[in-house]
Every structure is written in structure tokens, then in C-alpha cells.
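All remarks here apply to the structure that follows.
The values are calculated or read from the model by the stated rules, or taken from the named source; none is laboratory data. This structure is a prediction, so every number in the text was calculated from the model and none was measured. Cβ placement follows ideal geometry from the backbone for every residue including glycine, while neighbour counts extend to all protein chains displayed. Accessible surface is based on the protein model in full, side chains and every heavy atom, while ligands, DNA and RNA are left aside. Shrake-Rupley method; radii C 1.70, N 1.55, O 1.52, S 1.80 Å.
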Amino acid sequence: MKNSFLAILLLFVTFTISAQEEPAKPGNSAQELADKMANPVASLISVPLQNNLTYGIGPYNGIKYQINIQPVVPFKLSENLNLITRYILPVVDQQDVTGENTHEFGLSDATVTAFFAPKTKGIILGVGPAFLVPTATEKLLGTEKFGIGPSVLVMHQGKGLSIGFLANQIWSVAGNADRADFNQFYTQIFLTHSYKSGASLGITSEITQNWQGNTTLITVSPNVGAITKLGGQTMQFAVMPLIPVVGHSNIRPDWGLRAVVAFIFPQ
């Protein structure tokens, strides 16, 4: 797990230092792409790979490496309305999280969100359903429940500045009756500033409220990112600490680190 994460960090540093010229096509400059990547409902195809490493989880000081495969696929419904679909498929490798001397590896449950995003000026809006899909390959990595609920995005974006939040609330509606119901609220609050070079600085806070288990987890993450090209492939790299500020001792890690590699396909 450590070696995999260090490899991601090495890639980030290497490609940021050796960044090639920014794309020259209108709408595809490095800064414009950085702004689009900061907008969850931008009409842009991308495939981020979000690597998360957390230590000191729970009473057994567990360690968890989770890579979230997060493709974003937009659909143009009309001249004034887009449908932005976002998928999160987690792959988890963890030790001493569910108990002492335990180890689990495999897929966790997937989350699928669909934002209907009208073209607006000033405030950017997105509203739609969010789904929990029981794709876990190990019992302890999933809920064995199918869930559904609303999702919403509200943000403002000017050239070089993005600020807003996205949130969803999901309730389980079907699945294994012997497993606990799923009832969870999630929100992400973000502020990002981009530069002409495609570099970006920002800060993000994530709040997860498990109503069923009556637990809250809040993290704060200052971050740095860069748009670059590897051969002909446009990419974004970002790195950030995961700083826990609120959380029950059973779920709160001591610290964490996130590195993101995103493949971008400008239209």
C-alpha cells in the first residue's frame, strides 16, 4: 500500500515539473481546463483516479488504502440543459480496521450521481438523483443494500476562482434484510483558485453524517494541482493531506493523504 501511494506521489512531482505546453485550442487552455475540473457539472469527459491513504483508524490503529475510480460523462440533452453523470467505484485494501489482525481487499459499494445542469449565468446549479449500488466483493466492505436519494450542487465560478458545495442524502430501499439500513448524508465544500499555467490551489472540506450509526466525520484538505500533458494525453495531478477535525474514535483516522491522477478528454 505504501509503495503504491508513493508511486502516485512520484508521478505527480515528475509530471508537474516536466509539464509540456498548455493546450492552445479555444476553451482548452490550461487554466480553462483547471476551472472545468473544479466544476463538478462541467461538460467535460474525465477519468480521475483518487488515491486515499489513511492511518490510525479506530481502536486497532488500522490502515486503509482506497482508490476511487471516478469517471465523469456528460450528455447534452438540449441547448440549455446537460446531464452530468458521475461514478465512484472504490477499490479497498485495509488492515486492522474491522478488528485486530484482520485484512480485507476488494471492491466496495459504488455511488452513481446524475446532475441535471441547466446553462445559467452567475450561479451554477445541478440537481438529480444519487444511487448506492451494492458492488462490494467482501461483506465487510459493503452494505449489501441498494440506496437512492437526492443530490444537489450550488457553485459560483469566475475565471480562476471556483467556490461552492455539493451534497447528497441516500437511504437504502432494498437489499439484505439482515444488514443495517443505510442512511447517510455527504457534503463537500470547496474553494479553488487557478492560474494561467494550469496550476491550482484550494481547500476542501468533506462532511459525512451516518444517521443510522449516529457518527460524524469531518475532514479539511488544502490542496495543490497542475494541468499537464503526457504525450498527447491531457492530465491533472493533485495532492492534499486529509486532516480529520471531527470524528468518533471508532472511525476517525489519525491522518491521511490523497493523490489524484485525472485523465482529461477535452471536447
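For region 25-136, what % of the accessible area comes from carbon and sulfur atoms, probe 1.4 Å? Before the final figure, lay out the partial values.
Values: 3030 of 5000 Å².
That fraction is 61 percent.
In degrees between 0 and 90, to the nearest 10, how far off the longest principal axis of the chain does helix 2-17 point, with axes built from Cα atoms?
10
Tally Lys and Arg at +1 and Asp and Glu at -1 over the other residues with C-beta under 11 Å from the C-beta of residue 245: what net charge comes out? Intermediate results must be reported in sequence, preceding the final value.
Working: positive: 252; negative: 206.
It works out to a net charge of 0.
Note the direction-averaged projected area, equal to a quarter of the hull surface, for the Cα convex hull of region 220-267, in nm². Present the calculation step by step, with values, prior to reporting the outcome.
On the way: hull surface 18.0 nm².
The number I arrive at for region 220-267 is 4.5 nm².
Just to confirm the filter: which trypsin sites (Lys or Arg not before Pro) across region 106-156 are DSSP coil and have at most 16 other Cβ within 10 angstrom of their Cβ? Could the numbers behind the result be given before it?
Working: sites: 119, 121, 139, 145; in loops: 119, 121.
Taking region 106-156 and a limit of 16 other Cβ atoms within 10 Å, the loop trypsin sites (Lys or Arg not before Pro) found are 119, 121.
With every protein chain present, what is the per residue accessible area of region 70-122 (1.4 Å probe, Å²)? Walk me through the numbers before you get to the answer.
On the way: 2790 Å² over 53 residues.
Dividing the accessible area of region 70-122 by its residue count gives 53 Å².
Hey, what do the phi angles of region 130-140 turn into as Karplus ³J(HN,Hα) couplings, whole Hz, using 6.51/-1.76/1.60 and θ = phi - 60°, x for Gly and Pro?
With coefficients 6.51, -1.76 and 1.60, one gets 10, 10, 9, 10, x, 9, 4, 9, 10, 4, 7 Hz.
If you roll a 1.4 Å probe over the heavy atoms of the protein chains, what accessible area per residue do you get for region 130-267, in Å²?
48
Which semi-axes, in whole Å and largest first, does the equivalent ellipsoid of region 197-239 have when worked out from the alpha carbon gyration tensor as the square roots of 5 times its eigenvalues? Don't jump to the answer; show the numbers that get you there.
Details: eigenvalues 223, 31, 5 Å².
The three semi-axes for region 197-239 are 33, 12, 5 Å.
Hey, what's the Kirkwood Rh for region 122-221 if you take every pair of different alpha carbons, in angstrom? Numbers along the way, then the final one.
Values: mean 1/r = 0.0647 Å⁻¹.
It works out to 15.5 Å.
Which one, [x] 6, 23, 26, 21, 13, 7, 3, 0; [y] 7, 27, 37, 22, 6, 0; [z] 7, 27, 25, 17, 15, 8, 2, 0, gives P(r) over Cα pairs in 10 Å bins from 0, in percent as derived from the coordinates shown?
Working out P(r) over Cα pairs in 10 Å bins from 0, in percent from the coordinates points to [y].
Of all the Cα-Cα pairs you can form in region 57-188, what percent are over 18 Å apart?
Details: 5432 of 8646 pairs.
Of all Cα-Cα distances in region 57-188, 63 percent exceed 18 Å.
So what does residue 86 come to for accessible area, using a 1.4 Å probe and Å² rounded to 10?
70
Please report the carbon-and-sulfur percent of the accessible area for region 181-267; probe 1.4 Å, protein heavy atoms only, DNA, RNA and ligands left out. Walk me through the numbers before you get to the answer.
Numbers: 2550 of 4110 Å².
Roughly 62 percent, rounded to a whole number.
For the chain, what does the helix formula give at 222 nm: sum of -39500 (n - 2.57) over DSSP H segments with n ≥ 4, over the residue count, nearest 500 deg cm²/dmol?
Numbers: 2 runs with 25 residues, N = 267.
Computed mean residue ellipticity for the chain: -3000 deg cm²/dmol.
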